[in-house]
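First up is the structure itself, then whatever we jot down about it.
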Amino acid sequence: MAATTIHEVNHVYATGRTRSVTWRLSQLAALQLMLEEHTDALETALREDLGKSGFEAWVSEIGQVLEEITWLRKRVASWAKPQRVRTPLALWPARSKIEHEPRGTVVVISPWNYPLMLSLSPLAGAVAAGNAVVLKPSEISTAVEALLAELLPQYMDPHAIRVVTGGPEVVHEMLEARPNYVFFTGSSRVGTIIAQACAQRHIDYTLEMGGQSPAYVHRDANIKVTASRLVWGKLFNAGQTCVAPNHVYVHQDVAEQLRDAISAEIPRQYGRTPASNSNYPRMITPDHAQSVADLLAATNGRVVYGGTSDVAQRYIEPTVVTEVAETDALMSREIFGPVLPLITVTGPDDALARISKRDEPLASYLFTESQSVKDHFLAHVTAGGIGINVPVMHVATPNLPFGGVGASGRGHYHGAWSLRTFSQERAVFDKPTRFDTIKLMTQPVPRWADWAVRRLLSAKKLPPAAIQAARAFQANGPR
C-alpha cells in the first residue's frame, strides 16, 4: 500500500502540476485554512496525545507552522524564478543561471513529541519548493496521526500530497519504492537506520535528530532569570523536546544559588502539585514514562526537588538532581523528560572539556553576561545551534537555520533553508552558436589562442604581503 502511494505520487509529480507557483501558493493557503478552521480539534488531539494546554499547543505547534507558511508564501514566486549569475569573461559570450528544481517526491517522516509542527513545517517547505509529498506521521501520537490523515486530503491536493499511516514497516516499504528525498525527524538510532537505507538506494535525505543538549551557567549569570528560563525550556512539553536542556553545567561559585532558584521557580510556574495542573504536559505513553522513571531510580545523584512518578498516568514530576557524575545513569542518554541534572564545574573550560567528550548535540546553551566568555564558548563548542541566555527559542524563527551536526543530524530547514533543502540547485549554461569561441580550444590550438586563454584564466596577481605570509608559513609552519 505505501509503495503504491509512492508510485502514484511519482506519477503525479511527473505531470509537472506541483511546479507551478499557482499550485504552490494554493496548497500553502489550503494548509493555513486547515489550521485556522480546525484549531480546536488540533488542540484537542495534542491534549489527548501529550496533555498539552491550548496555549502550549498554539505556541509550540500551530502558531509555529502558521508563521512558517506566512514566510514561505511571500517568497515562493521569487524562489521559483531562475537566478542569473555572472559568466567569467573567458567563457563569453554565454549566459549562466541557477534553477531551483524541486526534489520530486518527498517523504516526510515525523516524530511524536511535536506531532503537528514537525509534520507540517517540513511539509510546507517541501510544497513551497514545488514537490509532491508523502507524509508519514508518528503512529505513537495516535490522535494527531488520525486527525492529519482525515484533514489533509480535505484541504490539500489529494493526489500530490498524501498521508500514510502505520509503523516502521510502512517506512521500509516506502524506501523500497525509492522516493526522491526523505526528510526524517526522530531518534539517532532510527535516523541511522534511515540513513543507511537511503544510502543503499542513492536517495538524498535530511536527518533531524537530538542528543544531550548541554547548558553552561557562568558565575556572572543572572541567576533568577537563568533559573526561570531553564525551567521553562526544560519543562516545556514535559521535557520531550529535542533541544531541551538535557543537563546543566554550573560554575561552582553559583551552584547552590542556581539549585535553590530552580527549586523555587518550578512551583512558581506549575504549582506545588504539577500532577493536578492542567498546563503541565504528560509523557507520550506509559512506556516512555517508565523509561524516565527507571533513569531516576538508577541515578546515584541527589534528588533535591521532585522525584515522584505515576507511570499509569504518564506523569513524571519536575525533578532536579545534583551531585551527578559523568558516568551516572542520567548521563547515559538523552533524558527526554522533565528531569534536570545539575553538575558543578570549575569554569567554562571545564564545561567545554566535558561537552567535547560527548556526541555533538543539537543545541547548546550558555548563560553569562560576559562577552569574552560568549566568544570563548562559541569558538570551542560544536552544536547544531547555540542559545545565549535562553534555551530552545532559536528554533522559533524562520530567519535562522535549524538542524544538527554530526550525531545530532544532517541538513537544515526553516525559512530559506527549507527552500534550499527541498530544492536542487541546477546549473544552466547557455552559449550561443553565432560566435563559436569553442573553436579556440579545439585541437590543434593556435599559439595565440594558447596565450590568450592562459591570460584570461590566470588568477589575480598576489600582493607582496600575501606572498610573504605564504612563504613564512611554508618555511616555519603554523605558530
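Given 10 Å bins starting at zero, what is the percent of C-alpha pairs of the chain in each, up to the one with the largest pair distance?
Answer for the chain: a P(r) of 4, 18, 24, 21, 16, 10, 5, 2, 0 percent.
Please arrange 175, 91, 116 by counting, for each residue, the other beta carbons lying within 10 Å of its beta carbon, fewest first. Display every interim value, and only then the final one.
Numbers: 175 23, 91 14, 116 26.
Least to most surrounded, the residues fall as 91, 175, 116.
How much length is gained if the chain between residue 472 and residue 101 is pulled fully straight, taking 0.36 nm per residue apart and subtracting their Cα-Cα distance, in nm to one decimal?
So the chain would gain 129.0 nm between residue 472 and residue 101.
Please work out the C-alpha center-to-center distance from the range 273-289 to the range 219-239 and express it in whole Å.
Using only Cα atoms, the two centres lie 19 Å from each other.
Test of understanding: ordering 235, 66 by Cβ neighbours within 10 Å, fewest first, what list do you get? It would help to have the intermediate numbers written out before the result.
Numbers: 235 22, 66 18.
Ranking 235, 66 by Cβ neighbours within 10 Å, fewest first, gives 66, 235.
Among all the lysines, which ones have a C-alpha under 23 Å from residue 74's C-alpha, if same-chain residues fewer than 8 places away are not counted?
Hits, sequence-local ones excluded: 97.
Order of 461, 224 from fewest to most other C-beta atoms within 10 Å?
461, 224
Near residue 461, which aspartates and glutamates are there with a Cα under 20 Å away, not counting those fewer than 8 places off in the same chain?
Within the straight-line limit of under 20 Å, residue 461 reaches these aspartates and glutamates: 450.
Between the range 410-430 and the range 1-48, what's the alpha-carbon centroid distance in Å?
Between the Cα centres of the range 410-430 and the range 1-48 lies a distance of 20 Å.
How big is the charge dipole of the range 216-351 about its Cα centre, in debye rounded to the nearest 20, if each Lys and Arg gets +1 on its Cβ and each Asp and Glu gets -1 on its Cβ?
Result for the range 216-351 is approximately 540 debye, rounded to the nearest 20.
For the pair residue 400/residue 454, report the inter-label distance in nm, with labels modelled 7 Å from Cα in the Cβ direction.
Simple spin-label model gives 5.3 nm for this pair.
Applying 1/(1 + (r/R0)^6) with R0 = 45 Å to the Cβ-Cβ distance of residue 369 and residue 201, what FRET efficiency is obtained, to the nearest 0.05?
The calculated FRET efficiency here is 0.35.
Roughly what would the spin-label model give for residue 349 and residue 172, points 7 Å off Cα along C-beta, in nm?
About 5.2 nm, to one decimal.
How many angstrom lie between the C-alpha centres of the range 327-358 and the range 118-170?
36 Å
Can you tell me the FRET efficiency between residue 304 and residue 81 if r is taken as the Cβ-Cβ distance and R0 is 45 Å, rounded to the nearest 0.05?
Result of the calculation: an efficiency of 0.15.
Quick check: residue separation of residue 297 and residue 428 times 0.36 nm, minus the Cα distance between them. What number comes out in nm?
Between residue 297 and residue 428, full extension yields 41.1 nm more.
For residue 380 and residue 445, calculate 0.36 nm times their separation in residues minus their Cα-Cα distance, and state this gained length in nm to one decimal.
18.1 nm
Using Cα pairs closer than 8 Å and at least 6 residues apart in sequence, work out the relative contact order for the chain, in percent.
With pairs under 8 Å counted, the relative contact order is 17 percent.
Roughly how many nanometres apart are two label points built 7 Å out from the Cα toward the Cβ at residue 325 and residue 11?
6.3 nm
Select from the chain the helices, each a whole stretch of DSSP H, whose alpha-carbon atoms run 30 Å or more along the helix axis and whose Kyte-Doolittle mean is at least -1.0; answer none if there are none.
Qualifying helices: none.
Within the range 205-228, name every residue whose backbone N is under 20 Å away from a label modeled 7 Å from Cα of residue 264 along the Cβ vector.
Backbone N within reach: 217-228.
Taking a cut-off of 21 Å between Cα atoms, list the lysines near residue 357, but don't count ones fewer than 8 places away on the same chain.
374
A short reminder: the numbers here are calculations on the coordinates, not readings from a lab. Quick caveat, the model's predicted, so the values are computed rather than measured. Note that we place each Cβ from the backbone using ideal geometry, even for glycine, and neighbour counts take in every protein chain shown.
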